[in-house]
C-alpha cells in the first residue's frame, strides 16, 4: 500500500494545495514537514506554490500528524504517467530510424565491438582533439608574457592561469587579457574569486600548455623546480628587459620610504621584487646591474632598488604596463 501511495499524486483544485500547506505550517514547520515526508524543504515550498502536485503518501502522513482528515475532491494520478508517453515517443523514433526495435542485446554488443576493433578506434574523435592556438615567434611581447607567467602565473597539465588582485590590478588584468588574445589567438576567461579578492585569468588549452613549456616555463610547482628566466630571453637584451617588466609588474611593488631628520619628514620611492627562487633572484639582480642599476638582494627573497636615481632609470629603460605601479611612482 505504501509503495502504491508513493507512486501516486494528489491533485487539488487550484489554490487548495497552497491553502492546505499553509494551514499545516501553523502546526508544523517546513523542516518538520520535510523530515516527515523524507524530502527537502524546497519540495515543501514547491508544493506550497503549487509548482508540483503533492505525493499522496506525504499527504496522508501530514494529515495524520496534524490530526485532520484527508481533503476531499482530490484527483489521484500516477506519479510516473509521463514515462509511458515518453517511451512511446522513443519507440516511434527508433522505428523511423532503423525500421525495427532491436531486441538482441548480445548481438548488438558483438557487432559494436567488431566495428570498434576494425574501424572505430582508428577514427580521430573531434571530442578529444585539442583546440589549436597561435604559436607566435619569439618577440618582446612574448618575453614580457613569460615574465608575467613567472610572476603571478601557473601551469597545470591542461590549464594556464594568471592570478591578479581584483581591484588594484583590474586595469592590468585587461592588458594581460589583450596580450594573450594577440599572442595566442584565444580569449581567456576571467573568473572572480571573491573569498581571495582575486581575478583568475584562465585558458584551458593543452596546446598552450605544451607551447609555453617548450619556451621554458615549468609545469606544476615552479618554486620547487627552482625556475629561472629561460636562456633564449637572458641572451637577448630587449627580451630580457621585457621579461623583467612582466616580472616586476606582477611580483614587484613600489613603496615610499619615509624618514625623519631634525623633526622634518622626508620620503622617496623604492622598488622591491619578490621571488622564492634563488636562481631567478640572481638573474634579476644581474640584469638590473647590466642596465646600470644598483640592486640590493635581501637574502633570499627580495631584490630592491633604493635610490631616486635608480628608480628614475628603471622607469626610463624598463618601464611598466601596470597602472598601479605607474600611479604609485608618479604620485
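The values are calculated or read from the model by the stated rules, or taken from the named source; none is laboratory data. Quick caveat: nothing in here was measured; it's all calculated off a predicted structure. All Cβ positions, glycine included, derive from the backbone under ideal geometry; neighbour counts span all protein chains shown.
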For segment 26-58, how many residues are in contact with a helix residue (DSSP H, G or I) (Cβ under 8 Å, 6 or more places away or on another chain) and assigned to a helix (DSSP H, G or I)? 15
For the condition surrounded by fewer than 11 Cβ atoms within 10 Å (Cβ to Cβ) and not assigned by TED's automatic domain parsing to the domain that holds residue 186, what is the one hit in 131, 122? 122
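Residue-wise test of (1) assigned by TED's automatic domain parsing to the domain that holds residue 329; (2) modelled with pLDDT of 95 or more.
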| residue | (1), (2) |
| --- | --- |
| 200 | no, yes |
| 231 | yes, yes |
| 249 | yes, yes |
| 260 | yes, no |
Take the residues of segment 145-192 that are exposed (fewer than 14 other Cβ atoms within 10 Å of the Cβ), out of contact with any helix residue (DSSP H, G or I) (no Cβ under 8 Å at 6 or more places or on another chain) and touching a residue at least 24 places away in the same chain (Cβ under 8 Å): which is nearest to residue 248 (Cα to Cα)? 167
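If you go through segment 292-311 one residue at a time, do you hit one that is in a helix (DSSP H, G or I) and without any contact (Cβ under 8 Å) to a residue 12 or more places away in the chain?
There is at least one residue in segment 292-311 that is in a helix (DSSP H, G or I) and without any contact (Cβ under 8 Å) to a residue 12 or more places away in the chain.
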Of the conditions (1) within 30 Å of residue 314 (Cβ to Cβ); (2) surrounded by fewer than 21 Cβ atoms within 10 Å (Cβ to Cβ); (3) more than 23 Å from the chain's Cα centre (by Cα), residue 262 satisfies every one except a single condition; which number is it? (1)
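Taking into account only those residues within segment 5-22 that are assigned to a helix (DSSP H, G or I) and in contact (Cβ under 8 Å) with a residue 12 or more places away in the chain, which is farthest from residue 82 (Cα to Cα)?
Keep residues of segment 5-22 that are assigned to a helix (DSSP H, G or I), which gives 5-6, 16-22.
Narrowing the set further to residues that are in contact (Cβ under 8 Å) with a residue 12 or more places away in the chain leaves 5-6, 16-18, 20-22.
Numbers: 5: 17, 6: 16, 16: 24, 17: 22, 18: 24, 20: 26, 21: 26, 22: 29 Å.
The residue in question is 22.
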If I filter segment 69-105 down to residues being part of a helix (DSSP H, G or I) and at pLDDT below 75, which single residue comes out as farthest from residue 14 (Cα to Cα)? 98
